[in-house]
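Encoded as structure tokens, the structure appears first; notes follow it.
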């Protein structure tokens, strides 16, 4: 699972705010700020502090990026999910 915080950095630019100011005013740790700079997940507590301080929704700050788009898995390697109870011959459930 991958995330990116590009939306947060854009929001800070729009507000003419530095990352250090966000850290101090939102009350998050230096480590949380560093992790966001490397697009790593942070604690929910830190994330909610940022949302509350900026009066923002989670989607205003972070974006989920599926692993298959992270070059670790090729899209062609993803197989269609078929539950075991589906008959592969005609696509109907087993009776």
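The table for this structure:
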{"read-out": "Among (1) modelled with pLDDT of 95 or more; (2) more than 16 Å from residue 5 (Cα to Cα) - the single one residue 85 does not satisfy", "value": "(1)"}
{"read-out": "Those residues of the range 10-29 which are assigned to a helix (DSSP H, G or I) and either surrounded by 14 or more Cβ atoms within 10 Å (Cβ to Cβ) or touching a helix residue (DSSP H, G or I) at 6+ places or on another chain (Cβ under 9 Å) (or both), in sequence order", "value": "11, 12, 19, 20, 21, 22, 23, 25, 26"}
{"read-out": "Contacts under 6 angstrom Cβ, first residue in the range 18-46 being more than 15 Å from residue 8 (Cα to Cα), partner crowded, with 18+ Cβ neighbours inside 10 Å and at pLDDT 95 or above, 6 or more apart", "value": "27/49"}
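The values are calculated or read from the model by the stated rules, or taken from the named source; none is laboratory data. It should be emphasised that the depicted structure is a prediction, and the values quoted were computed from it without experimental measurement. Note that each Cβ is placed from the backbone with ideal geometry, even for glycine, and that neighbours are counted across all protein chains shown.
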